[in-house]
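Enquirer: First, the structure itself, so that you have it in front of you.
The values are calculated or read from the model by the stated rules, or taken from the named source; none is laboratory data. Only a predicted model underlies this, so the values are computations on that prediction, with no experimental measurement involved. Counting neighbours? That spans all protein chains shown, and the Cβs are built from the backbone with ideal geometry, glycine included.
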Amino acid sequence: MAQRTKLADVARLAGVSSATVSRSLNYPNLLKKDTLKRIQDAIVRLGYVPNSAGRALASRRTQTVGLVVPTLDHAIFSRFTQTMQTALAESGYQLLIASHEYNPTLELSGARALIERGVDALVLVGLERSPALDELLTQSGIPMLATWALDRSGKSASVGFDNHAASVLAARHLLALGHREFGVISGFLHHNDRARARVEGVREALGDAGIKLSAASVVEQPFTYAGGRDGLRALAALSPRPTAVLCGNDLLALGALMECQSLGLAVPQEISVVGFDNQELASHFAPGLTTINVPAADLGRVAAGTILQLLAGDVVQAPVELPIELVVRGSTGPPPTPGRP
């Protein structure tokens, strides 16, 4: 087996000390150009690969950031993760990822695994965490950033958008069209503060209009197409049947549109459907899906920039709020006229 090239071998070939080679790897701008070139030529010639573990031990940094995300199965989180990784890589950091499928026990074990691997900072999704995870974060002492939600208490740095206000915006759109019978298809509310904020936003907007959202009108389903179909079927069985349905994400909403077609319910003539995320498929469906545009790519970039600020020792207390907007397409319209087929 070939012996691994050592830093001392590079130093010997370049005619410098081992300390100078180490300095060239960590602070190349401090060396003279001809010295740096000799070292770099020696590295290429010998095929030297720096020992990242040793460098991390010396600098107390591993140049890695941990991300614990609910799932990578949804495009919205994949886009967020990809743009964060790209932005971090430009500053010499790599992203290590764990997923938990909305399970707080798996979220805790994922965070612990990343911290044990020496990540320099940790990114989480949402504000709701188990007490054990809060304790782990306190003990680790590493910077932590919450995303996809806004921590207005200042307890932790956060980058996200107002889930509550976004749902208020969607509900008011339907109210302005004349709807008075509403249903909601949500993801599971337990252990998901973002889903709860979206339902509460709908409830508040309807309450302001004198409409009460009954418990039977809120159906909890997995964030999948099948969940959307099952949720729409349950709402369609209510009496009176909702003329407007708000969904917790676009997967649920697109599943609801599929089920409307299966049940023979014309959209939007008989029932209007609104999503949340503005995934690419939303604009290609027929009819196009009215939805809330969530800036997932921007969220990833801003999250990366905020993490780099925290790693530099900057204080980031105020939440960084990204804008959201309602994208109106063909899936929403006025409610059917009473007595008209």
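Enquirer: Only one of these is of a type outside the set (S, T, N, Q) and either closer than 19 Å to ALA282 by Cβ or touching a residue at least 12 places away in the same chain (Cβ under 8 Å) (or both): GLY210, GLY228. Name it. Can you show your working first?
Expert: Details: GLY210 fails: either closer than 19 Å to ALA282 by Cβ or touching a residue at least 12 places away in the same chain (Cβ under 8 Å) (or both).
One residue alone meets the criteria, GLY228.
Conditions (1) of a type outside the set (S, T, N, Q); (2) within 20 Å of LEU326 (Cα to Cα); (3) in contact with a Cys (Cβ under 7 Å, 6 or more places away or on another chain), marked per residue:
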| position | (1), (2), (3) |
| --- | --- |
| ALA157 | yes, no, no |
| ASN163 | no, yes, no |
| LEU206 | yes, yes, no |
| LEU232 | yes, no, yes |
| SER239 | no, no, no |
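Enquirer: Also, quick follow-up: Name the pairs: first residue in the range 64-75 and in a loop (DSSP other than H, G, I, E, B), second residue of a type in the set (Val, Ile, Thr) and at pLDDT 95 or above, Cβ to Cβ under 6 Å, at least 6 apart or on different chains?
Expert: Short answer, once both residue conditions are applied: PRO70/VAL125.
Enquirer: If you take the residues of the range 206-235 that are crowded, with 19+ Cβ neighbours inside 10 Å and among the hydrophobic types (A, V, I, L, M, F, W, C), which of them is nearest to ARG180 (Cα to Cα)?
Expert: LEU206
Enquirer: Which residues, counting only those in the range 150-195, are of a type in the set (Lys, Arg) and buried (at least 19 other Cβ atoms within 10 Å of the Cβ)?
Expert: Restricting attention to the range 150-195, the residues satisfying the condition of being of a type in the set (Lys, Arg) are 152, 155, 172, 180, 194.
ARG194, the sole residue that qualifies.
Enquirer: Out of curiosity, is ARG329 in contact with a strand residue (DSSP E or B) (Cβ under 8 Å, 6 or more places away or on another chain) and touching a residue at least 40 places away in the same chain (Cβ under 8 Å)? Step through it out loud before you land on a result.
Expert: Values: in contact with a strand residue (DSSP E or B) (Cβ under 8 Å, 6 or more places away or on another chain): yes; touching a residue at least 40 places away in the same chain (Cβ under 8 Å): yes.
So ARG329 passes the test.
Enquirer: Something else now. Within the range 272-330, how many residues are hydroxyl-bearing (Ser, Thr, Tyr), surrounded by fewer than 16 Cβ atoms within 10 Å (Cβ to Cβ) and under 30 Å from THR62 (Cβ atoms)? Break it down into steps so the answer makes sense when it comes.
Expert: Initial filter on the range 272-330 (hydroxyl-bearing (Ser, Thr, Tyr)): 272, 283, 290-291, 306.
So of that shortlist, the ones also surrounded by fewer than 16 Cβ atoms within 10 Å (Cβ to Cβ) come out as 283.
Those still in the list that are under 30 Å from THR62 (Cβ atoms) too: none.
Selection size over the range 272-330: 0.
Enquirer: Now a separate question. Going through the range 257-286 one residue at a time, which ones are in contact with a Cys (Cβ under 6 Å, 6 or more places away or on another chain) and within 20 Å of PHE223 (Cα to Cα)?
Expert: Correct list: GLY275 only.
Enquirer: Quick test for you: out of LEU254, LEU213, pick the one residue that is under 23 Å from ASN192 (Cβ atoms), modelled with pLDDT of 95 or more, in the same structural domain as VAL184 (by TED's automatic domain parsing) and in contact with a Lys or Arg (Cβ under 7 Å, 6 or more places away or on another chain).
Expert: Answer to the selection: LEU213.
Enquirer: Now, a different point. Looking at (1) closer than 16 Å to PHE276 by Cα; (2) modelled with pLDDT of 95 or more, which is the only condition ASN192 fails?
Expert: Here ASN192 meets the rest and fails (2).
Enquirer: Can you tell me which of ARG117, ARG79 is crowded, with 18+ Cβ neighbours inside 10 Å, of a type in the set (D, E, K, R) and either without any contact (Cβ under 8 Å) to a residue 60 or more places away in the chain or closer than 23 Å to VAL320 by Cα (or both)?
Expert: Matching residue, one of ARG117, ARG79: ARG79.
Enquirer: In addition: Return the residues of the range 237-293 that are of a type in the set (Phe, Trp, Tyr) and over 21 Å from the mean Cα position of the chain (by Cα); say none if nothing qualifies.
Expert: PHE285
Enquirer: Now for a different question. Before we move on, is ASP314 part of a loop (DSSP other than H, G, I, E, B) and closer than 30 Å to ALA146 by Cβ?
Expert: Answer is yes for this residue.
Enquirer: Filtering the range 92-114 down to residues that are more than 15 Å from the chain's Cα centre (by Cα) and exposed (fewer than 14 other Cβ atoms within 10 Å of the Cβ), which residue is nearest to LEU136 (Cα to Cα)?
Expert: THR105
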